[in-house]
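Chemist: I'd like to ask you about the structure that follows.
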Amino acid sequence: MFKQSHQWICLQVGAREHYAIPRSLHQQGNLSHLITDAWITPDSFLNYLPKNLLTSLRDRFHPDLAQASTHTFTNSLIQLEIQQRLQKVRGWEQIIARNHWFQQNAVNYLAKIAPKFNKPPILFTYSYAALDLLQFAKAQGWRTVLGQIDPGIVEEKIVAQAHRQHPHYHSTWQPAPPDYWTNWQKECHLADRILVNSTWSSQALQQVGVPSQKIAVIPLAYQPPTQPQGFVRTYPEHFSPQRPLRVLFLGQVILRKGIFPLLEAARLLQQEPIEFQIVGSLGITLTPAQQNLPNVRWIGSVPRSATSQYYQQADVFLFPTLSDGFGLTQLEAQAWKLPLIVSRYCGEVVKDQENGLILPEVSGEAISQTLQWCLNHPQQLQYFAQNSTNLSQFSLSQLQQNLQHI
């Protein structure tokens, strides 16, 4: 357990989790520095550029951290982005180059501030852009915490197997180069503690030799919007062609998210009053038969601000992922009192038969049977909706308590 008086240095690429870890530490007075790749304050001149420029950087700020000690490499990042575009650097080459660039800049800054600490701080950083940072911290005698963003190499093996099983689904997915995983295993070795967001991620890390005592399971932090607070979800006495069971899938349309068994279930259920809405960017090539299933509506990618209408309209939320570090959409759905149907390979939001259903396996047959049960038991869906998860267990204040006990 780390003492509450310890000062933390947080390093992260991007706005992961809306900066939940540094926000939590800052609120309790334990954040010494946030070091990140880009930070666009409201008064930055970059906000006055045309909206189609630097769109990926628009969310690189959080008002909760306006008074925090923040160090950033925004100008250098813009130069790197331009250089990579000109050189047409893409895929894993681009990701690895960015991670290396961030670590180089961050280590240089850490070297400047290291002498200012009277007692060793705790360094927190996220996986895959951490090796140089952890090596520096250990050389200083600092404590180290690694935020593991996914189930690691076990997840990659699962996804690779899915692509071998379904080669007709063309996508841009490629496995990471071997050095990527070698460096990750070094990160896991150097970290004093490793934070994961689900028991599934913990199990995946243990499968490749990470000691269980090094791992702490801390779910994602989530602040629900105010809009759903007065929402009342209702169900008909029975579903019919005029009022079908509406099933929502919201996320990336890729094999890892379970799109193949979902579409297989839709094929099996064509004669039932069940309608599937698929909201998200298409990351694979579908066959004409799949694209033209009469009970599937392809919505495409929508802005996050527009997702609420789909949560409101649906009767159940389907999350048949093959592997996810957590799956934040589960919490978004629960904020709207939407019952969940999920796999076992994600964050623990569902209590089976309480606020939703856990699939016995990720297959078209299992999804089909589960949805058939929902079709015949609308009163149970009403019960699930009324027993939606208490989201306070995923609050920022709960995250603060969890961090104190790792």
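Chemist: Give me the residue from region 58-75 that is under 16 Å from residue 45 (Cα atoms) and of a type outside the set (Phe, Trp, Tyr) and, out of that set, surrounded by the fewest Cβ atoms within 10 Å (Cβ to Cβ).
Modeler: 75
Table: residues versus (1) modelled with pLDDT of 95 or more; (2) within 27 Å of residue 198 (Cα to Cα); (3) touching a Leu at 6+ places or on another chain (Cβ under 9 Å).
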{"residue": "276", "(1), (2), (3)": "yes, no, yes"}
{"residue": "283", "(1), (2), (3)": "no, yes, yes"}
{"residue": "298", "(1), (2), (3)": "yes, no, yes"}
{"residue": "308", "(1), (2), (3)": "yes, yes, no"}
{"residue": "313", "(1), (2), (3)": "yes, no, yes"}
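Chemist: A further question follows. Say we look at region 113-146 and pick out the residues that are free of Cβ contacts under 8 Å to residues at least 60 places away in the same chain and among the polar types (S, T, N, Q); which of these is nearest to residue 192 (Cα to Cα)?
Modeler: Only one residue tops the list, namely 144.
Chemist: Could you grab me the full set of residues in region 250-286 that are touching a Phe, Trp or Tyr at 6+ places or on another chain (Cβ under 9 Å) and of a type in the set (Ser, Thr, Tyr)? Break it down into steps so the answer makes sense when it comes.
Modeler: Taking region 250-286 and keeping what is touching a Phe, Trp or Tyr at 6+ places or on another chain (Cβ under 9 Å), we get 250-251, 253-260, 262-263, 265-266, 269, 272-274, 276-280, 282-286.
Of everything in region 250-286, just one residue is touching a Phe, Trp or Tyr at 6+ places or on another chain (Cβ under 9 Å) and of a type in the set (Ser, Thr, Tyr), namely 285.
Chemist: Could you give me the residue pairs with C-beta distances under 6 Å whose first residue belongs to region 292-317 and is within 14 Å of residue 280 (Cα to Cα), whose second residue is in a loop (DSSP other than H, G, I, E, B) and of a type in the set (S, T, N, Q) wherever it lies, and which are 6+ apart or on separate chains?
Modeler: 301/281
Chemist: Ok, one more. Within 30 Å of residue 172 (Cβ to Cβ), among the aliphatic types (A, V, I, L, M) and touching a residue at least 24 places away in the same chain (Cβ under 8 Å): is that true of residue 218 in this structure?
Modeler: Judged against the criteria, residue 218 is not a match.
Chemist: Further question on the same structure: In the list 269, 263, 322, which residue meets the criterion of being over 23 Å from residue 224 (Cα atoms), surrounded by 21 or more Cβ atoms within 10 Å (Cβ to Cβ) and within 17 Å of the chain's Cα centre (by Cα)?
Modeler: Criteria check complete, one pass: 322.
Chemist: Let me ask something else about it. Applying the selection to region 147-164, what residues are without any contact (Cβ under 8 Å) to a residue 60 or more places away in the chain and part of a helix (DSSP H, G or I)?
Modeler: If the condition is that a residue be without any contact (Cβ under 8 Å) to a residue 60 or more places away in the chain and part of a helix (DSSP H, G or I), then 153, 156, 157, 160, 161, 164 are the ones that fit.
Chemist: Taking region 27-55 as the region of interest, how many residues are at pLDDT 90 or above, farther than 21 Å from residue 133 by Cα and not in a loop (DSSP other than H, G, I, E, B)?
Modeler: Number satisfying all stated conditions: 1.
Chemist: Oh, and also: Just to be sure before I move on: is residue 174 assigned by TED's automatic domain parsing to the domain that holds residue 199 and either loosely packed, with under 14 Cβ neighbours inside 10 Å or in a loop (DSSP other than H, G, I, E, B) (or both) in the structure I sent?
Modeler: Yes, satisfied.
Chemist: Next question, about the same structure. Can you name every residue in region 374-400 that is over 21 Å from the mean Cα position of the chain (by Cα) and in a helix (DSSP H, G or I)? Can you show your working first?
Modeler: Looking only at region 374-400, we keep the residues that are over 21 Å from the mean Cα position of the chain (by Cα), and these are 374-387.
Residues satisfying the conditions are 374, 375, 376, 378, 379, 380, 381, 382, 383, 384, 385, 386.
The values are calculated or read from the model by the stated rules, or taken from the named source; none is laboratory data. All values derive from a computational prediction rather than experimental measurement. Please note: Cβ atoms are built from the backbone with ideal geometry, for glycine as well, and neighbour counts cover all protein chains shown.
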